[in-house]
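Asks: If you scroll down you'll find the structure; I have some questions about it.
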Amino acid sequence: MANAPLSELRRVVVLGTGGTIAGRAASSGDNIGYTAGQVGVADLLGGIEAPEGVTLVAEQVAQVDSKDMSLDIWQKLAQRCVHWLAQPDVVGVVITHGTDTLEETAFFLHSVIASAKPVVLTCAMRPATALAPDGPQNVRDAIVVAATAGAHGVTVVCAGTVHSGVDIQKVHTYRLDAFASGDAGPIGYVEEGAVRRVRAWPEGAALEASKALDAVGQWPRVEIVMSHAGASGALVDALLQVGGAEPVRGLVLAATGNGTLHHALEAAALKAQDRGVAVLRATRCANGRILPRPDDRLRDAGALTPVKARIALMLELLGK
Ligand code: ASP
C-alpha cells in the first residue's frame, strides 16, 4: 500500500459514535444487560478485512448510547463527514451508531450532506461482548458499501440489507434484522463482500447544509405531540405557556391514519398555528404516506414519520 501511487489510494473513514455495537456486558450470554458505547471504534475494526486496495481510518466522534443522541453530536458528525468526504482519496464514510435513533441520524445526515460519495451508517443489536456479536459483519458490510463504485447518498446497512437513510425505521426490539424500509423496500443486499442493488441509491436533499452545520446551540425547539383516543389540547397549550424555557417554534403532531387528529388536539394545534407556531402532521402508521385533502388546515409531512418530520421542521425553521 505504501508504494501505491497517490492517485490509487482509496480510504474509507469509519466514524464511531457508540451504541450497542460498542457495548460491553458482564457475560457473553447477556444480549440486553450491557452498557452501550464502551468499545472504541478502532477496536471495532480489529479483524475486519478491508476490500482490496482500501485503507481504513478510524475516528471517534462520540461514545454514547444512541437513545441519548444530541443535536451537538449530530452537528459534529455532519462536520466530520463533510471534512472527510472532501478528501480526494476518501471514497466513503461509515458511521457506527446505536440502533435506537439510527433512523433520525440517517435522515438528518441525508438532509444536510451534499456529496457524490456514500455515507453508510451501521449498528448492532448485540453488544461487542456477545457470544455471536452481529457488529463485525455489519461493519464489514458497511465498508463494502462505502467502497462500492457509484454508491452515494446516506444509507444504513444492517443484517446484510442496505436501506435508504430516508426510508429506514427500526421495527423490532430484539431481532438482528431490526430495520425495514416500508413501502419503498431496501436498496439492496450485501452478499459475500458484494452489493446486489435492487433500486437506485438515495439522492441527497441537502437543502440547509451550511446553516445546519454551523447552527451550534441555535436549533429551533420542535416538540412531538401524539394524537390518540381520549387526546386533548392540554399538552399543546402547556407547551405554548412554558415561561422562561426556550419557546416552542414548531409542533409535530403524530397523527392517526391519513393524518387525522382528535378534534380537541386539532383545535389546540390550530390555535398554536395562529400564534405563529409551525405545525406539521405526520402519520403514526408504520407504512404509507398522508394523502392531502383540499380542506386540510394543517400541513402534512407526507411519508415522514413523526421523528423525521421533527428534523425536517427544525431544518426548515433554521432556514428562516
Ligand atoms: N440503546 C442502544 C443504542 O441505541 C441500542 C442499540 O444500539 O441497539 O445505542
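The values are calculated or read from the model by the stated rules, or taken from the named source; none is laboratory data. The model shown is predicted, which means the values in this text are computed figures rather than measured ones. Methodologically, a virtual Cβ is constructed for each residue, glycine included, from the backbone with ideal geometry; neighbour enumeration extends over all protein chains shown. Only protein heavy atoms, including side chains, enter the accessible area calculation; ligands, DNA and RNA are left aside. Shrake-Rupley method; radii C 1.70, N 1.55, O 1.52, S 1.80 Å.
Asks: Taking 8 Å as the Cα distance limit and 6 or more residues as the minimum spacing, I'd like the relative contact order of the chain as a percentage. Can you show the working numbers first?
Replies: Working: 733 pairs, mean separation 46.5, N = 320.
For the chain, the relative contact order is 15 percent.
Asks: May I ask you to compute the full-extension gain from residue 28 to residue 60, defined as 0.36 nm times their residue separation minus their alpha-carbon distance, rounded to one decimal in nm?
Replies: Numbers: separation 32, 0.36 × 32 = 11.52 nm, distance 2.48 nm.
Taking residue 28 through residue 60 to full extension adds about 9.0 nm, to one decimal.
Asks: To continue, here is another question. Give me the number: length gained by fully extending residue 241 to residue 87, i.e. 0.36 nm times residue separation minus the C-alpha to C-alpha distance, one decimal in nm.
Replies: Details: separation 154, 0.36 × 154 = 55.44 nm, distance 4.78 nm.
Full extension from residue 241 to residue 87 adds 50.7 nm.
Asks: Okay, moving on. Hey, in the GNM for the chain with a 10 angstrom Cα cutoff, which one of 104, 266, 192 fluctuates hardest?
Replies: Taking springs between Cα atoms under 10 Å, the residue moving most is 192.
Asks: Give, as ranges by residue number, the residues of the stretch 244-258 whose backbone N falls under 16 Å from the point 7 Å along Cα→Cβ of residue 221.
Replies: Under 16 Å, as judged by backbone N against the label point of residue 221, lie 244-252 of the stretch 244-258.
Asks: Please report the base-10 log of the normalised intensity I(q)/I(0) for the chain, using a Debye sum with one equal scatterer per alpha carbon and no solvent, at each q in 0.07 (1/Å).
Replies: Summing over Cα pairs of the chain leads to -0.30.
Asks: Still on this structure, please answer the following. Given a Förster distance of 35 angstrom, what is the FRET efficiency for residue 72 paired with residue 228, based on the Cβ-Cβ distance and rounded to 0.05? Display every interim value, and only then the final one.
Replies: Values: r = 32 Å, r/R0 = 0.90.
The value I calculate is 0.65.
Asks: Can I ask one more? Just add up the charged neighbours of residue 257: K/R +1, D/E -1, any other residue whose Cβ is under 15 Å from the Cβ of residue 257.
Replies: Working: positive: 281, 284, 289, 293; negative: 266, 296, 300.
After counting each charged neighbour, the total is +1.
Asks: I want to check the label-to-label distance for residue 149 and residue 317. Put each point 7 Å from Cα in the C-beta direction and report it in nm to one decimal.
Replies: Taking the simple label geometry, residue 149 and residue 317 are separated by 4.6 nm.
Asks: Sticking with this structure for a sec: Summing Lys, Arg as +1 and Asp, Glu as -1, what charge do residues with Cβ under 14 Å from the Cβ of residue 306 carry, residue 306 excluded?
Replies: On the way: positive: 170, 281, 284, 289, 299, 308, 310; negative: 103, 104, 223, 300.
Charge balance near residue 306 sits at +3.
Asks: Related question: Between the stretch 152-199 and the stretch 286-320, how many Å separate their Cα centres?
Replies: Centre-to-centre distance over Cα atoms comes out at 23 Å.
Asks: Per DSSP helix of 4 or more residues, -39500 (n - 2.57); summed, then divided by the residues of the chain. What does that give at 222 nm, rounded to the nearest 500? Spell out each step's value before the answer.
Replies: On the way: 8 runs with 80 residues, N = 320.
Here the helix-only value at 222 nm equals -7500 deg cm²/dmol.
Asks: Between residue 131 and residue 293, how many nm apart are label points set 7 Å from Cα along the C-beta direction?
Replies: Modelled inter-label distance: 5.3 nm.
Asks: Just how large is the dipole of the stretch 277-320 about the Cα centre, in debye to the nearest 20, putting +1 at every Lys and Arg Cβ and -1 at every Asp and Glu Cβ?
Replies: On the way: 9 positive and 4 negative charges, 19 e Å.
Value, rounded to 20: 80 debye.
Asks: Let me ask another. Quick one: length gained pulling residue 183 to residue 52 fully straight, 0.36 nm per residue minus the C-alpha distance? Walk me through the numbers on the way to the answer.
Replies: Numbers: separation 131, 0.36 × 131 = 47.16 nm, distance 3.50 nm.
My answer for the length gained is 43.7 nm.
Asks: Now, a different point. Before I look further, what does the chain give for accessible area per residue, probe 1.4 Å, in whole square angstrom?
Replies: Accessible area per residue: 45 Å².
Asks: Please report Rg over Rh for the stretch 94-199, where both radii come from the alpha carbon positions and Rh follows the Kirkwood definition. Don't jump to the answer; show the numbers that get you there.
Replies: Values: Rg = 12.5 Å, Rh = 13.5 Å.
Value, to two decimals: 0.93.
Asks: Thinking of the stretch 107-154 as a set of Cα atoms, what percent of all their pairs are more than 14 Å apart?
Replies: On the way: 635 of 1128 pairs.
Above the 14 Å cut-off, the stretch 107-154 has 56 percent of its Cα pairs.
Asks: Treating only the Cα positions of the stretch 1-126 as identical point scatterers, give the base-10 log of I(q)/I(0) from the Debye formula at each q in 0.19 Å⁻¹.
Replies: The computed values of log10 I(q)/I(0) come out as -1.03.
Asks: Take the Cα atoms of the stretch 49-108, find their three principal axes, and give me the spread along each one in whole Å, biggest first.
Replies: Reported extents, whole Å, longest axis first: 36, 24, 19.
Asks: So, one more: If you average 1/r across every pair of different Cα atoms in the stretch 276-320 and take the reciprocal, what Kirkwood value do you get, in Å? Could you put the intermediate results ahead of the total?
Replies: Values: mean 1/r = 0.0898 Å⁻¹.
Here the Kirkwood hydrodynamic radius works out to 11.1 Å.
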